[in-house]
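Down below is the structure, laid out as structure tokens.
Where a number appears in this text, it was derived from the coordinates with a stated rule and is not lab data. Since the structure is predicted, the reported quantities are computational estimates derived from the model, not experimental observations. All Cβ positions, glycine included, derive from the backbone under ideal geometry; neighbour counts span all protein chains shown.
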Amino acid sequence: MAPESPVRVRFAPSPTGRLHIGGARTALFNWAFARRHRGVFVLRIEDTDAERNSEESLRSILDSLRWLGLDWDEGPEAGGERGPYFQSQRRELHLQTLERGLDEGWLYRHFTGPREPGAGGEARGPRELARFPDRDLDPAESRRRAEAGAPFVIRFKVPLGEEILVEDGIRGAVRYRSDEVEDWVAGRSDASPTYNFVCVLDDAAMGITHVLRGEEHLVNTPKQVLLYRALGLEPPAFAHLPLILGQDGRKLSKRTGDTAVEDYRERGFPPEALLNFLALLGFSIDDHTTVFGREELVRHFDLARVNKAGAVFDEDKLRWLSGEYIRSTPVPELAERILPWLRREGWFPEGELPDPERDRLERAAAAVRERIQTYGEAPERLRWAFETPDPDARALQALGQEGAAGLLEAAAAALEREAAFPPADFDAWARDLAAGLEVAAGRILKPLRAALTGTLGGPPLAEILGLLGREEALERIRRAAARAGGAAAAS
Ligand code: GLU
């Protein structure tokens with residue numbers, strides 16, 4: 001699709017729930033397309049379903065978009081010259097256009113009440129497509145019946161025998177025959193216009209040049225193209241993004257796991273990782289680049305590189321990407337990012353952190369950076385440092401080793417003698433200590449680790465000491481030594 005300029009695209013969510021992965025992917029591709037072509041990204045809120053709309057959903061959608069870094073040029077809170085940006089505020093135009101369609105004869109009233117026997121009111125036509133006898137009703141008669149109070153819906157009078165060609169930016173030429181398109185409802189019995197009707201009016205009023213949306217809307221496109229024709233308007237270019245499938249090969253849904261962007265935010269996925277992951281749901285820069293950021297996406301974004309085939313949502317891949325992002329985050333920034341999760345545990349106070357606390361936070365971030373795939377995993381990895389650990393079975397075994405108590409005492413005394421804490425060259429320190437005590441270094445380091453963390457895993461010992469600080473570390477070592485000594489004496 002050769003973008004005419006200036007490009008104007010829109011993301012048009014209904015505020016009836018949180019922003020889901022599929023919606024976020026649609027928003028992202030529109031955003032990237034707009035940025036790539038130096039166009040305008042419009043956010044339009046399709047809030048015509050008064051019963052299901054909520055302010056809370058709207059908030060959540062705007063928040064999720066912002067969190068992902070998808071800034072819109074026109075829309076709620078941004079303003080713009082082609083508003084209103086809430087669909088409900090164009091109601092006048094929608095209703096007037098329904099009238100216009102009836103007057104011009106491309107819409108008709110389909111009376112839905114009981115009929116005279118034999119008058120026939122059911123659909124007829126090829127493949128039982130809805131073509132109703134009322135489509136040929138004299139307009140004056142139709143108006144008279146409506147004024148007399150007969151119930152009706154308003155249908156689009158699909159012209160017969162036409163070809164509808166949609167040059168889809170992803171799928172290429174998609175052909176439809178109008179004979180296969182039903183006389184779709186444009187206005188409901190309560191006079192409210194339907195999605196297919198208002199979508200076209202709004203897109204036209206807002207000067208939208210390209211409609212990028214999910215494949216599930218392919219069925220709507222011929223209906224909308226016919227409406228553009230009836231209105232005497234040139235349709236925008238269309239591109240239908242591939243379906244997002246769960247691991248089971250079926251359309252992604254709640255059944256497959258978390259689907260709302262907020263859930264991923266809550267679990268502590270970096271927004272950059274989720275953005276990267278969403279981009280990969282149907283798009284690729286080339287055949288080998290997996291990790292890329294916003295700028296790279298914008299530089300390379302091209303509908304020619306969007307797949308037709310469904311994109312599988314692979315959470316393991318998201319977790320992997322997330323880990324990659326975390327590992328490449330500088331420690332001070334990572335510290336800021338994991339802080340909310342550590343605060344929830346009560347390990348850090350609210351507000352500006354005093355220097356020693358900040359230092360501790362950064363040590364905590366450094367200790368987990370290589371080991372977590374989400375910020376939400378940080379507390380479990382760090383619990384040993386902030387709460388007194390209960391030694392696990394392997395740690396108990398290490399502490400129960402012969403001579404462990406004495407070695408721990410010696411290690412504590414040696415640490416205390418060091419001016420720097422932890423010793424500047426920890427490995428050299430450990431070697432010297434072991435040589436002085438005439439034991440293998442492991443004989444000291446294992447119980448030391450067990451005493452400090454309650455496990456035998458975790459970050460390097462120097463980091464462990466640094467995170468605990470001199471006082472806490474020495475206390476843990478001495479406490480463990482006393483316990484080991486007591487146990488040895490008792491046996
Ligand atoms: N509100 C519609 C939806 O969320 C918009 C569809 C469209 O982009 O045309 O599915």
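Quick check: the angle from helix 404-417's long axis to the longest principal axis of the chain, C-alpha only, nearest 10 degrees?
90 degrees
Among LEU68, PHE197, TRP31, which residue has its Cα furthest toward the positive end of the charge dipole of the chain, with +1 on Lys/Arg Cβ and -1 on Asp/Glu Cβ?
The listed residue farthest towards the positive side: PHE197.
Packing-wise, with mean Cβ within 10 Å as the measure, how do 307-318, 473-484, 28-39 rank, highest first?
Going from most to least packed, we get 28-39, 473-484, 307-318.
Rounded to the nearest 10 degrees, what's the angle between the helix 461-490 long axis and the longest principal axis of the chain, both from Cα atoms, 0 to 90?
The angle comes out at about 60 degrees.
On C-alpha positions alone, give me the angle between the axis of helix 91-104 and the longest principal axis of the chain, in degrees, nearest 10.
It is inclined by approximately 30 degrees.
Treat every Asp and Glu Cβ in the range 15-90 as -1 and every Lys and Arg Cβ as +1, leave all other atoms uncharged, and give the resulting dipole magnitude about the Cα centre to the nearest 20 debye.
In debye, rounded to 20, the range 15-90 gives about 420.
Of ALA309, PRO84, PHE11, which is farthest on the positive side of the dipole of the chain, counting Cα position, with +1 on Lys and Arg Cβ, -1 on Asp and Glu Cβ, and the Cα centre as origin?
ALA309
Along the Cα→Cβ direction, 7 angstrom out, place labels at LEU95 and TRP320. What is the inter-label distance in nm?
Distance between label points: 5.6 nm.
Once Lys and Arg get +1 and Asp and Glu get -1 on their Cβ, which of LEU93, LEU231, ASN53 lies farthest toward the positive end of the dipole of the chain?
Most positive-ward Cα: LEU231.
Could you give the dipole magnitude of the chain about its Cα centre, charging the beta-carbon of Lys and Arg +1 and that of Asp and Glu -1, in debye to the nearest 20?
That gives the chain a dipole magnitude of about 700 debye.
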